[in-house]
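I have placed the structure first, in the form of structure tokens, so that the comments after it can refer back to it.
The values are calculated or read from the model by the stated rules, or taken from the named source; none is laboratory data. Computed from a prediction, not measured in an experiment: that's the story for all the values here. As a convention, Cβ positions derive from the backbone with ideal geometry for all residues, glycine included, and neighbour counts pool all protein chains shown.
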Ligand SMILES: Cc1cc2nc3c(=O)[nH]c(=O)nc-3n(C[C@H](O)[C@H](O)[C@H](O)COP(=O)(O)O)c2cc1C
């Protein structure tokens, strides 16, 4: 037996809660941006986030509604995706508060920043990975806007590298689940994909 849900009868809010409870775990883009006058450094978590294109490298995040991050990206055409490791849990959550636009989360939450190499918005100093992006395009969808960013530089802390590659056990990424739930990495399994030519000879 299954329980059936229709977005038409459930309504957008409840259907959103259903979607975010089942589309899990979601990685979190901790998006840093600058106001157009360069004075306010904004930082906000976005869990509607993934890779959008391989060549050129493009990532995407979605602003549900029109938030400060989106305004800043539209005005400056730059942003940084900082990754969200477990030890920064409280700080990441604190930047999800709906501060007024003139209050930058770096300052009000007290998050140490460092300069980016290729874009103006700062990076989060304690985040192990930062993807510096220039705006590729935006796509308006209903109440939301998908932001596509061309990754022009990746800065990875050597503390999370093993043999030159980011190691999942050192990255310790947080994930967003349903409601107010957060997840941490569970067990990690390694299993190679099976090429079709190998399947035929089994
Ligand atoms: C873990 C987490 C994930 C979130 N994901 C999103 C998201 O994908 N899209 C979105 O619009 N808001 C998301 N939010 C809410 C925003 O972070 C929140 O509205 C924030 O105040 C926006 O900041 P800004 O106005 O400075 O851009 C998330 C919040 C948390 C705590």
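A few remarks follow.
- When 126, 155 are checked against the criterion of being at pLDDT 95 or above and either at positive phi or not in a loop (DSSP other than H, G, I, E, B) (or both), 155 stands alone in meeting it.
- Only one entry in 5, 16 is surrounded by 11 or more Cβ atoms within 10 Å (Cβ to Cβ), farther than 25 Å from residue 101 by Cα, modelled with pLDDT of 95 or more and within 16 Å of the ligand (Cβ to nearest atom), namely 16.
- Conditions (1) more than 10 Å from the ligand (Cβ to nearest atom); (2) in a helix (DSSP H, G or I); number of the one not met by residue 117: (2)
- Pairs meeting the criteria (first residue in region 35-52 and under 22 Å from residue 21 (Cβ atoms), second residue at pLDDT 95 or above and not in a strand (DSSP E or B), beta carbons under 6 Å, at least 6 apart or on different chains) are 44/69; 44/95; 45/28; 45/92; 45/96; 47/28.
- Filtered by the rule that a residue be buried (at least 19 other Cβ atoms within 10 Å of the Cβ) and more than 15 Å from residue 174 (Cα to Cα), region 115-129 gives 116, 119, 121, 122, 123, 124.
- Region 154-176 residues that are farther than 21 Å from residue 123 by Cβ, paired with ones that are away from the ligand (no atom under 16 Å from the Cβ) and in a strand (DSSP E or B) (beta carbon under 9 Å, 6 or more apart): 169/162
- Number of the condition not met by residue 53 [criteria: (1) crowded, with 23+ Cβ neighbours inside 10 Å; (2) away from the ligand (no atom under 12 Å from the Cβ)]: (1)
- Of all residues making up region 50-88, the number that are assigned to a loop (DSSP other than H, G, I, E, B) and under 17 Å from residue 156 (Cα atoms): 3
- Leading residue by the ranking (nearest to the chain's Cα centre (by Cα)) among those in region 20-49 that are surrounded by 12 or more Cβ atoms within 10 Å (Cβ to Cβ) and assigned to a helix (DSSP H, G or I): 20
- Pick from region 89-100, criterion touching a strand residue (DSSP E or B) at 6+ places or on another chain (Cβ under 6 Å) and part of a loop (DSSP other than H, G, I, E, B), ranking: farthest from the ligand (Cβ to nearest atom): 95
- Here residue 85 qualifies as under 21 Å from residue 114 (Cβ atoms) and either in contact (Cβ under 8 Å) with a residue 60 or more places away in the chain or crowded, with 19+ Cβ neighbours inside 10 Å (or both).
- Of the residues in region 101-114, at least one is more than 15 Å from the ligand (Cβ to nearest atom), part of a loop (DSSP other than H, G, I, E, B) and surrounded by fewer than 22 Cβ atoms within 10 Å (Cβ to Cβ).
- Residue in region 60-70 that is over 30 Å from residue 119 (Cα atoms) and surrounded by 13 or more Cβ atoms within 10 Å (Cβ to Cβ) present: no
- For residue 147, the stated conditions do not hold, so it cannot be described as without any contact (Cβ under 8 Å) to a residue 24 or more places away in the chain, under 30 Å from residue 17 (Cβ atoms) and either surrounded by 10 or more Cβ atoms within 10 Å (Cβ to Cβ) or over 14 Å from the mean Cα position of the chain (by Cα) (or both).
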